Amino acid sequence: MVAGLDGVDLADVDLADVDLAEVVSRFGFLLHAAGVPVTPAAAGRFAESVVMARPHRTDELYWLARVTLVPDRAHFDVFDRAFEQVFRGLFDGVDTERNPNLPASTPSTRPSDGRPPPQKRDTPEGAAGGEPQPGMPGSGSPGDGDMTDQDGVLAAASADEQLSTKAFGMCTPEELERLQVLMGAFRLDPPLRRSRRTRVHPLGREVDLRATLRAAQRTGGDPVNRVHRRRRARPRRVVLIADVSGSMESYGRAYLYLLHSAVRAIGAEAFVFATQLHRLTRPLALQHPVQALAKAMAQAPDWSGGTRIGEALRAFNDDHARRGVGRGAIIVIVSDGWEGGDVSLLGREMERLSRLAHRIVWVNPRKQRADYRPLVGGMAAALPWVDEFVSGHSLAALGEVVAAITRS
């Protein structure tokens, strides 16, 4: 078990020397025993986030664990106590199997509390009670490093809060990597639709004649027990089409992370376009995100080029939508609406797409501006056929996109 990591630079820890599976499983067992509903899938996301983000300090590990393992605010205090015990050296991991319940007296010092953890310090008899002693915080001696660590904890907490509202176009490459981990916490639950396939159900309206006749053989040919069937309910397909042209360059990488998460989580279809349409579902389905994004960008040679929204939608309608990918699906288009081609073509293709899709969601990051008006030729031509128009310019604003997808 990991113990005594507080104040240790995790950048010096080689993950190859750590049994990450055992650490995660024991930590998840401790949380589950304390009442936090930690699932194996959540534990797997925590381990994957540690490998991807490679946290440098314990407080960074804290936020990775809390985002991936804690589903409800009501469990924050229990999680804080467990994290203090396991990762800050307050307990021996062997004791968890004998007594998995957390002691209520364990202090909770999450990074966002803004207060240093309570510490005991022995004051010499001749020293004044209010004077700081050497080696303690506030003494002016080299021991002041403890206060610096606390400031770093507060800075990390406030940085995560600010990052959630920061526009993707203003994020640094390091912040975008951080967003990739946080996006994995989004849950996409598309609405259900009635399938053509049926299944046996006691409340079904259709009578299964074959099953009823087979059952009647046991009752002398009298169909005493009738077998009914009803249609299955299946999640609607989600299709994401992202603009990666020059005008969307500052948002392209962030939305590529969103496409990767959607493909992995719900099997969504992913496309990008600039002057041409490219299908990226297969490369984005790779487990390792770095390899997936590298292959995805390699398959789109016109990345950060011109914009041909109408031609890209015509290619999607002709080659994919009519063949089943877009029928009854939720289509999410991410673009600022700058059209470098024929605007009338864009209007016609949007009309075609609206007849095939269940709902069209248009995500325009520039909508966040208070003075924004959808007067650009491409956006004005597409908007009449759009069911929901959202901004999605930041991690917090992605909640609108998720809500638009899950809405029936």
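The values are calculated or read from the model by the stated rules, or taken from the named source; none is laboratory data. None of these values were measured; they are calculated from a predicted model. Positions of Cβ are backbone-derived with ideal geometry, glycine not excepted, and every protein chain shown enters the neighbour counts. With ligands, DNA and RNA removed, areas are computed over all heavy atoms of the protein, side chains included. Shrake-Rupley method; radii C 1.70, N 1.55, O 1.52, S 1.80 Å.
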Exercise. Under a Cβ-Cβ cut-off of 11 Å, what is the net charge of the residues other than GLY324 that fall near it, where Lys and Arg count +1 and Asp and Glu count -1?
Worked result: +3
For this session: Heads up, I need the accessible area for THR165: 1.4 angstrom probe, whole protein in place, Å², nearest 10.
Result: 90
Problem set entry | Positive-end residue of ALA298, LEU213, ALA321, charge dipole of the range 212-364 with Cβ unit charges | LEU213
Seminar exercise, completed: Here FRET efficiency (C-beta to C-beta, VAL67 to ARG230, R₀ 56 Å, nearest 0.05) is 0.90
Problem set entry | Rg and Dmax of the range 277-408, Cα atoms only, in Å | 15.1, 41
Problem set entry | Radius 13 Å from Cβ of ARG210, net charge of other residues (Lys, Arg +1; Asp, Glu -1) | +1
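Just subtract the alpha-carbon distance of ALA215 and ALA33 from 0.36 nm times their residue separation and send over the number in nm, one decimal.
Extra length available between ALA215 and ALA33 comes to 60.8 nm.
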Exercise. Among 43-52, 320-329, how do they line up from the highest to the lowest mean number of other beta-carbon atoms within 10 Å?
Worked result: 43-52, 320-329
Seminar exercise, completed: Taking protein heavy atoms only, a 1.4 Å probe, and rounding to whole percent, the accessible area of the range 320-361 owed to carbon and sulfur comes out at 48
Exercise. To the nearest 0.05, how large is the calculated FRET efficiency for GLN299 and PHE186 if R₀ is 30 Å and r is the Cβ-Cβ distance?
Worked result: 0.75
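Kindly provide the chymotrypsin sites (Phe, Trp or Tyr not before Pro) of the range 330-408 that DSSP labels as loop, not H, G, I, E or B, and whose Cβ sees at most 16 other Cβ atoms within 10 Å.
For chymotrypsin sites (Phe, Trp or Tyr not before Pro) across the range 330-408 that sit outside H, G, I, E and B with at most 16 neighbouring Cβ atoms in 10 Å, the list reads TYR372.
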Seminar exercise, completed: Taking Rh as the Kirkwood radius computed over alpha-carbon pairs of the range 176-309 and applying Stokes-Einstein at 4 °C with viscosity 1.567 mPa s, one gets a diffusion coefficient in µm² s⁻¹ of 72
Seminar exercise, completed: So, with points 7 Å from each Cα along the Cβ direction, the GLN291-SER344 label distance in nm works out to 4.9
Problem set entry | Gain on full stretching of the segment that runs from GLU22 to THR165 - 0.36 nm per residue minus C-alpha separation | 48.0 nm
